[in-house]
Amino acid sequence: MAGRGASRLMLTMFTHNRCQLCVDAKEALHHVRKQVPFEITEVDIKKPGNEKWFDEYKYDVPVIHVNDEFLLWHRVNIDDTVQKLLEIQKSVK
């Protein structure tokens, strides 16, 4: 994906600081990133200003969006996530 014409995948991970599934998801995403490069931003749903995300995801973190669209929640299966990201990458080229 390196190069100027490559499609960029922008992931957003909705999380909070007392979330073991989020820790597990970050580790899994580290392995995914070795196969499919992406940028990632974390949003702490418990921080002021993130009330919308808290209301939506308080029982479901981690939640991952890619390019502002829902991708997955709870657990990150490395192989499935790689496959989904590759499909998304192809569709945006």
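Would you please give the residues with an amide H less than 5 Å from that of residue 11, counting only those at least 5 places away or on a separate chain, with H modeled from the backbone geometry?
39, 40, 41, 67
For the chain, take every pair of Cα atoms, bin their distances at 5 Å starting from 0, and report each bin as a whole percent.
3, 14, 25, 24, 16, 10, 6, 1
Return one number: the angle in degrees, 0 to 90 and rounded to the nearest 10, between the long axis of the Cα atoms of helix 20-35 and the longest principal axis of the Cα atoms of the chain.
Compared with the principal axis, the helix lies near 10 degrees.
What's the carbon and sulfur percent of segment 1-92's accessible surface, probe 1.4 angstrom, rounded to a whole number? Don't skip to the end; give the middle numbers.
Values: 2870 of 6060 Å².
On segment 1-92, the fraction of accessible area on carbon and sulfur atoms equals 47 percent.
Below 28 Å, Cα to Cα, which lysines can residue 58 reach? Residues fewer than 8 away in the same chain don't count.
26, 46, 47, 84
Helix 78-91 versus the longest principal axis of the chain: what is the Cα-based angle in degrees, 0 to 90, to the nearest 10?
Compared with the principal axis, the helix lies near 60 degrees.
Multiply the residue gap between residue 8 and residue 26 by 0.36 nm, knock off their C-alpha separation, and tell me the result in nm, one decimal place.
Values: separation 18, 0.36 × 18 = 6.48 nm, distance 1.91 nm.
Gain on stretching residue 8 to residue 26: 4.6 nm.
The values are calculated or read from the model by the stated rules, or taken from the named source; none is laboratory data. None of the values given here were measured: they were computed from a predicted structure. Surface accessibility is based on the protein's heavy atoms, side chains included, excluding ligands, DNA and RNA. Shrake-Rupley method; radii C 1.70, N 1.55, O 1.52, S 1.80 Å.
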